[in-house]
Amino acid sequence: METTLKTKKEISNYLNCSMGSIDNMMRDKKISYIKIGKLVRFDINEVNRELGISTRRELDKVLKENIKNG
């Protein structure tokens, strides 16, 4: 499987959440990231796996739980 690296903004748009929420998930080690110098990149397949997302329905469920839990 090919690795697809995304920026923080792209992941934020994909998950439909703020960049602050992405920062929180990074800090809480809910999603892994790759640092390349000062750049931060995310493997979309890893993010999906770590958040338990395999379908759009599951993505919506994760988003609702994230909003509910703050």
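Read-outs: derived from the displayed coordinates by stated rules, not from any lab. Note that the structure is predicted; figures quoted are calculated from it, not measured. With ideal geometry, Cβ positions are generated from the backbone for all residues, glycine too; neighbour counts draw on all protein chains shown.
Stretched out fully, how many nm does the piece from T7 to I36 gain, at 0.36 nm a residue minus the Cα gap?
On the way: separation 29, 0.36 × 29 = 10.44 nm, distance 1.15 nm.
My answer for the length gained is 9.3 nm.
Pairwise inverse Cα distances across region 1-51, averaged and inverted, put the Kirkwood hydrodynamic radius at 10.9 Å.
How high is the FRET efficiency between I44 and K68 when r is their beta carbon distance and R₀ equals 30 Å, given to the nearest 0.05?
It comes to 0.80.
Ignoring the sites themselves, the chain has its longest run without trypsin sites (Lys or Arg not before Pro) in a DSSP loop having at most 12 other Cβ atoms within 10 Å at 39-70. Relative contact order for the chain: 32 percent, from Cα pairs under 8 Å spaced at least 6 residues apart, divided by residue count. For the chain, compute the number of Lys pairs whose alpha carbons are separated by less than 27 Å, excluding pairs fewer than 8 positions apart on the same chain. Eligible lysine pairs with Cα atoms under 27 Å apart amount to 29.
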